[in-house]
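Peer 1: Quick one: structure below, then a few questions.
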Amino acid sequence: MFDYIDKFGFGKKTGVDLNGEASGIIFDRSKVGPVELATTAFGQGVSVTPIQQVTAVSAAINGGTLYKPYIVKSVNEPETNTVVKENTPIEIRKVISEETSAKVRNALESVVANGSGRTSYIDGYRVGGKTGTAQKVENGRYLTNNYILSFIGFLPADDPKVVVYIAIDNPKGTIQYGGTTVGPLSKAVLKDSIKALNIPKSDGGKEKKYKWPDPKTITVPDVTGMTIEEAKNALTGLNVIVSGNGNTVTHQSPEAKTKLDEGKTIRIFTS
């Protein structure tokens, strides 16, 4: 286990181009007994940095290769925009096989579709991820009701382009679970990333199954050509806004086959 912890880059600096990087905390192998082995296996007794986490998860889902992370893509001459220095991916080592990486992606997609990461599910896109609820330590003891809540998500799950890691230190007035508190924030960032990078929708993803207290989802039907009354009947469960002076629906937004949470708004246009 500690061989893999080392291979994934935990316990040492990644070499990212930022000052003040920490190494994190990993047990000295010579001092690891049954208790330390057990607690390390489920994440207690260790400390990792966000950049280590992103780097390691990227290796787990990109086919198994650990890369050196960087922040600055290039340094350019200001007047001519000539590239003076450009950072390119530097491979550190192969950590796991392509086959294992594919299994990890599949498992993490299941977390978002039907597990603790359901609040990061985006219809039409294959999202993978994992929630985190870490107890904080003070004077050698774990604190009560004081956690760092986190979520690390990525998409598309079958061919990752974006990884997002968000952590909140001891949020107030909320349920102390990463999926409940941080998952929706991750979803918002991932949706912005989809727009910024023009990531197309994916087929073959895992369907999200309804579980209480999730909002029920409605697949929007095609109501073009219907009368307003017929359209409203077909759109039961949604808030329908009518635009136009006619009685026949000529256009709808969002389009047919889009999935909306119950109570969401759909606009129909008439002529």
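Peer 1: Output yes when any residue across the stretch 215-234 is surrounded by fewer than 12 Cβ atoms within 10 Å (Cβ to Cβ), touching a Lys or Arg at 6+ places or on another chain (Cβ under 6 Å) and of a type outside the set (S, T, N, Q), and no when none is.
Peer 2: no
Peer 1: Restricting attention to the stretch 126-146, which residues are buried (at least 18 other Cβ atoms within 10 Å of the Cβ) and part of a loop (DSSP other than H, G, I, E, B)?
Peer 2: ARG126, VAL127
Peer 1: Hey, among the residues in the stretch 93-117 that are surrounded by 20 or more Cβ atoms within 10 Å (Cβ to Cβ) and charged (D, E, K, R), which one's farthest from SER150 (Cα to Cα)?
Peer 2: Top of the filtered list is ARG105.
Peer 1: Given the criteria in contact with a Phe, Trp or Tyr (Cβ under 8 Å, 6 or more places away or on another chain), part of a strand (DSSP E or B) and either open to solvent by less than 40 Å² (accessible area, probe 1.4 Å) or under 30 Å from LYS209 (Cα atoms) (or both), does LEU66 qualify? Write out each step before concluding.
Peer 2: Values: in contact with a Phe, Trp or Tyr (Cβ under 8 Å, 6 or more places away or on another chain): yes; part of a strand (DSSP E or B): yes; either open to solvent by less than 40 Å² (accessible area, probe 1.4 Å) or under 30 Å from LYS209 (Cα atoms) (or both): yes.
Yes.
Peer 1: Please give the number of the condition GLU36 fails out of (1) surrounded by 10 or more Cβ atoms within 10 Å (Cβ to Cβ); (2) of a type in the set (Asp, Glu); (3) over 25 Å from ASP6 (Cβ atoms).
Peer 2: Of everything listed in (1) surrounded by 10 or more Cβ atoms within 10 Å (Cβ to Cβ); (2) of a type in the set (Asp, Glu); (3) over 25 Å from ASP6 (Cβ atoms), GLU36 misses just condition (3).
Peer 1: Limited to the stretch 211-249, what total is found for residues that are within 34 Å of the chain's Cα centre (by Cα) and outside any loop (DSSP other than H, G, I, E, B)?
Peer 2: Taking the stretch 211-249 and keeping what is within 34 Å of the chain's Cα centre (by Cα), we get 211-223, 234-241.
Within this subset, residues satisfying the condition of being outside any loop (DSSP other than H, G, I, E, B) are 217-219, 234, 239-241.
Of the residues in the stretch 211-249, 7 are within 34 Å of the chain's Cα centre (by Cα) and outside any loop (DSSP other than H, G, I, E, B).
Peer 1: Let me ask you something else. Quick check on LYS208: is it touching a residue at least 40 places away in the same chain (Cβ under 8 Å), within 22 Å of GLU255 (Cα to Cα) and in a loop (DSSP other than H, G, I, E, B)? Steps first, please.
Peer 2: Values: touching a residue at least 40 places away in the same chain (Cβ under 8 Å): yes; within 22 Å of GLU255 (Cα to Cα): yes; in a loop (DSSP other than H, G, I, E, B): yes.
For LYS208, the condition - touching a residue at least 40 places away in the same chain (Cβ under 8 Å), within 22 Å of GLU255 (Cα to Cα) and in a loop (DSSP other than H, G, I, E, B) - is met.
The values are calculated or read from the model by the stated rules, or taken from the named source; none is laboratory data. These numbers come from a predicted model, not from an experiment. Reconstructed Cβ throughout: ideal geometry from the backbone, glycine too, with neighbour counts over all protein chains shown. SASA here: full protein model, heavy atoms, side chains in, ligands and nucleic acids out. Shrake-Rupley method; radii C 1.70, N 1.55, O 1.52, S 1.80 Å.
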